[in-house]
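What follows draws every value from the coordinates through simple rules; no lab data is involved. Just so you know, these numbers come straight off a predicted model, no measurement behind them. Because the Cβ atoms are built from the backbone with ideal geometry, glycine has one as well, and the counts that use them run over all protein chains shown.
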Number of protein chains: 2
Amino acid sequence: MSDRYATFARSGPGRALVKRLGLPDPPSLRRHQPGDSLVTGPVLLDAAPGGRLREPVAALLTAAGVELRAPATLGADHDPTTAVSDHDPTTAVSDHDPTMVGADIEPTMVTADSATVVPEPSMGQPPRNAALIFDATGITDSTRLRPLYDFFHPHARALLPSGRVIVLGTPPELCAAPREATAQRALEGLTRSIGKEFGRGTTAQLVYVAPGAEGAVESTLRFLLSGRSAYVSGQVIRIGQPTDQQQPVDWERPLAGKVTLVTGAAQGIGAAIARVLARDGAHVVALDVPAAGEALAAVANEIRGTALQLDLTAADAPTRLAEHLAARHGRVDVVVHNAGITRDKTIGRMDATRWDSVLDVNLSSQERINDVLLARDLITAGGRLVGVSSIAGIAGNRGQTNYATSKAGVIGLVQSMAPVLAGRGITINAVAPGFIETNMTARMPTLLREAGRRMNSMAQGGRPVDVAETVAWFASPASGGVTGNIVRVCGQSLLGA
Amino acid sequence: MSDRYATFARSGPGRALVKRLGLPDPPSLRRHQPGDSLVTGPVLLDAAPGGRLREPVAALLTAAGVELRAPATLGADHDPTTAVSDHDPTTAVSDHDPTMVGADIEPTMVTADSATVVPEPSMGQPPRNAALIFDATGITDSTRLRPLYDFFHPHARALLPSGRVIVLGTPPELCAAPREATAQRALEGLTRSIGKEFGRGTTAQLVYVAPGAEGAVESTLRFLLSGRSAYVSGQVIRIGQPTDQQQPVDWERPLAGKVTLVTGAAQGIGAAIARVLARDGAHVVALDVPAAGEALAAVANEIRGTALQLDLTAADAPTRLAEHLAARHGRVDVVVHNAGITRDKTIGRMDATRWDSVLDVNLSSQERINDVLLARDLITAGGRLVGVSSIAGIAGNRGQTNYATSKAGVIGLVQSMAPVLAGRGITINAVAPGFIETNMTARMPTLLREAGRRMNSMAQGGRPVDVAETVAWFASPASGGVTGNIVRVCGQSLLGA
């Protein structure tokens, strides 16, 4: 599980060699520790004219204790490379006067929080920010994309390590006019490019917020700004109106009082998920096959949870699981379908058992369990279902026709069930891990392992905790507006569909 | 533009060295030449029980002169690795009896064409096929995915070079039941894995056909089976009910009588598009900037088209273009927005002109032109709009925030305009080229160029003609059911979002 190259590259002599030879330079990623502040420095926030998210975001971040900054007013001392282009008069700077920002926000929205927005000093070196957040919801036409450039250009090189970039937009499919949908869809090219460009552990995401869902963004912004999302980058996230009305009382223990089930919890990613959910206050029912009983008991004891030995492929497994949950807890609030197996072979050399078993464990058993738990009303309003897909389910993989089919199916499960479950106040989402350092990846051939580790914007593999933190974000009572999402935990892997 | 490595790897000594060292082994790709037959050998066709596409596909392929085969009946001499797994009785072979295939098709659908389906010999070496087509529309549950394995397992290693794999499904978003949607979505993991696994120039695609659109598949199947799609692999294509009722009389000259406009036609991909559309019978109006006038005239003369010098970013360009088309032709049937520029810099070092000009040329000018041509009714029912996006618009790219934003916007343009234009009988789609060998890529640094060339399922770059053939498929009068699609021409590049 050790990344000896990364350790070397961060050492004194290693650093010099990496620089001289142009080798991958894996940065140390900031990861969340209990008690950490949300961000490590000030957050620069701005909006294109007409944006509907700047004010609510400013209010919630200020309330969260974040130091907010607004960009400096453009003046004579401004970076001359941002001068007006004479190329196309329709994109001239008069379309985007930063002093206009927020001017079209209704006065009643300008709360006391706005007073804490300190203008950034306009002289000398730009100060370094921990995060750049841009509200692009006001952009209704491709000729009005210029404010994005005006915001990111002067601040691109002044981000603290493990910096955060968040662009906020309107889901293109909800835009009435094609021109607005086009401009909003264009944001994806920008954020994905920034994720590849900024380096030093910076992550970049595009968050599409449905009209009316402005109040549902806090859990997502907290996740994305914090060290919890260290290995999540280049993602497109959609937030809709909340499926339920929960609010966590304590952001450090949002899952207090919640009964959560984690399958495949004896080791690796599953054990990490169990630990993080327990850290966040949940009671965890840790499930795994009887053969993993000892490791499972160790995890359950460590987190003061319950160990449940069960073979999920047994015909009576869903019923037995439901009966256990009903008898002990009367319900289950969060179900994390993490159990999964690989049985790799090219399809020409694969026996039928490998095909059947992978499909059954990774996909069909999830469907059977969901159906029984839902039919018995053990998952009710405020419930959270979380699946584990894979980058292989998105991009396909040689030797994994069975695995990739099952993991693409998990995406289908999330997308098809989300609208059905929304009516019951339940969300469903999935994580799609990329190269995560586990015992499994430690056994890979060296060259393949090194390629997997380096071919992403972080130049390193992720850790099980990175997947677990993403699951915890989905599981949060404050994430009622987050459903139907597939979020990769892959450091913005180059691999994709 | 020459790929010296590929030339070497295909030579006698090169072939030996490539094999011994495990180097990339770029196959020679079959590309279409006028007069070529659709496929180079027999096509194996089967369906999961209940499939609605096997019969119409068998009928159209037989009419097209293709030799169809049905898989051998499972018997005692069948590959023992496909024996029934005792893992899960719900997926036992009784669920999938190949003798059932087509049994639930209405008798009136079993036309004379079915008689030409010759059972494959079940003894000895499996015969080699040019293509494998599987109709998976009958699969309504993840526990019924096994027929895919039963079909591909025994035939995976008996495909001719530049083989073709096509899986037919139902668009998940149109499935009523979540379980069906899940199983149909799972197909994507299978086809993308097959594309990475089969090698030797094999392409693999997933074609989702909407219920009721069974009669609209011919242009797409012809494209995917032929050498026209040499560099298209790992794609997901959606076919709906046709927006219009055209049928080409001659598949060799489907665009006869059509007026087509190609922007950026003086060189590279644009010139290739102009040539292929002309080969398919179209009159081509080749447009480029005045500075490229000489090269433009050469292309136009070669294809007996018209050269039109115009700077698309000029304020009066849409009007002048519309007036030219109205005066000379009274209409335009096909518009290919190929003109595009790059002005690469990281956003921190990019001047505003680079941002503005790329957005304007690559995205906003397309919108302005479309709007004017549509407002003046110069594009009418049967019309085809084709955009050129890019893999950078999907995945983002370092140093291309401007370009990637513009090319992601092209995707938004296609997706937002498709439903609007469908009502007028017009389709809109885009190609997204990956690494295509042009003068531009020839100037790339060697290492970057080699990485781009090899990191795909074909282990080589594509050619401008590959993009052009894809555009010609969109442009075909028979492609009325193909709209809102973004199809990558990238050899199934590893790069993705």
Worksheet item: Roughly what would the spin-label model give for A:L448 and B:A327, points 7 Å off Cα along C-beta, in nm?
Response: 6.4
Fill in: Net charge, B:A230 excluded, C-beta distance under 9 Å - Lys, Arg +1, Asp, Glu -1
+2
Worksheet item: What distance in nm separates the simple spin-label points at A:Q309 and A:R10, each placed 7 Å from Cα in the Cβ direction?
Response: 3.9
Item to complete: Calculate how many DSSP beta bridges within segment A:371-497 are antiparallel, expressed in % of all such bridges and rounded to the nearest 5.
Response: 10
Discussion item. With every atom except the alpha carbons ignored, what do you get for Rg and Dmax of chain B, in angstroms?
Written reply: 23.3, 74
Item to complete: Could you state, as a whole-number percent, how many of the C-alpha pairs of segment A:337-417 are farther apart than 16 Å?
Response: 51
Worksheet, complete the sentence: Shape descriptors of segment A:401-497 over alpha-carbon atoms, Rg and Dmax in angstrom, are 15.2, 48
Worksheet item: For the pair B:A375 and B:A177, what calculated FRET efficiency results from E = 1/(1 + (r/R0)^6), where r is the Cβ-Cβ distance and R0 = 35 Å, to the nearest 0.05?
Response: 0.25
Worksheet entry | Global form of segment A:259-489, assessed from the alpha-carbon gyration tensor, a/c cut-off 1.5 | rounded
Fill in: FRET efficiency, A:A158 to B:V420 (Cβ-Cβ, R0 56 Å, nearest 0.05)
0.85
Response to the item:
For chain A the mean separation of alpha carbon contacts under 8 Å (6+ apart) over residue count, i.e. relative contact order in percent, is 15
Discussion item. Just to be sure I understand: chains B and A are related by a rotation, so which residue of B has its Cβ closest to that axis, and how close in Å?
Written reply: B:G496, 1
Worksheet item: Among all helices in chain B defined by DSSP H, which have a length of 24 Å or more along the axis from Cα atoms plus a Kyte-Doolittle mean of at least 0.5?
Response: B:401-422
Item to complete: Mind listing the label-point distances from A:V420 to the same position on all other copies, shortest first, one decimal in nm, points 7 Å along Cα→Cβ?
Response: 3.5
Discussion item. With only alpha-carbon atoms in the gyration tensor, what are the semi-axes of the equivalent ellipsoid for the protein assembly as shown, in Å, largest first?
Written reply: 41, 40, 26
Response to the item:
Sorting from shortest, the nanometre distances separating the label point of A:A327 (7 Å past Cα along the line to Cβ) from those of the same residue in the other copies are 8.8
Practice prompt. Would you mind listing the distances between the A:P445 label point and the same position in each other copy? Use 7 Å along Cα-to-C-beta, nm, one decimal, shortest first.
Written response: 2.8
Worksheet item: Given only helices, namely DSSP H runs of n ≥ 4 each adding -39500 (n - 2.57), what is the per-residue ellipticity at 222 nm of the protein assembly as shown, to the nearest 500 deg cm²/dmol?
Response: -10000 deg cm²/dmol
Worksheet item: Which part of segment A:271-314 falls in the paramagnetic zone of A:I341, meaning amide N under 15 Å from the point 7 Å along Cα-to-beta-carbon?
Response: A:288-293, A:310-314
Item to complete: Kindly count the pairs of lysines across chain A whose alpha carbons are less than 29 Å apart, treating pairs on different chains or eight or more residues apart as eligible.
Response: 4
Response to the item:
The FRET efficiency for A:D316 and A:A291, from their Cβ-Cβ distance with R0 = 22 Å and rounded to 0.05, is 0.75
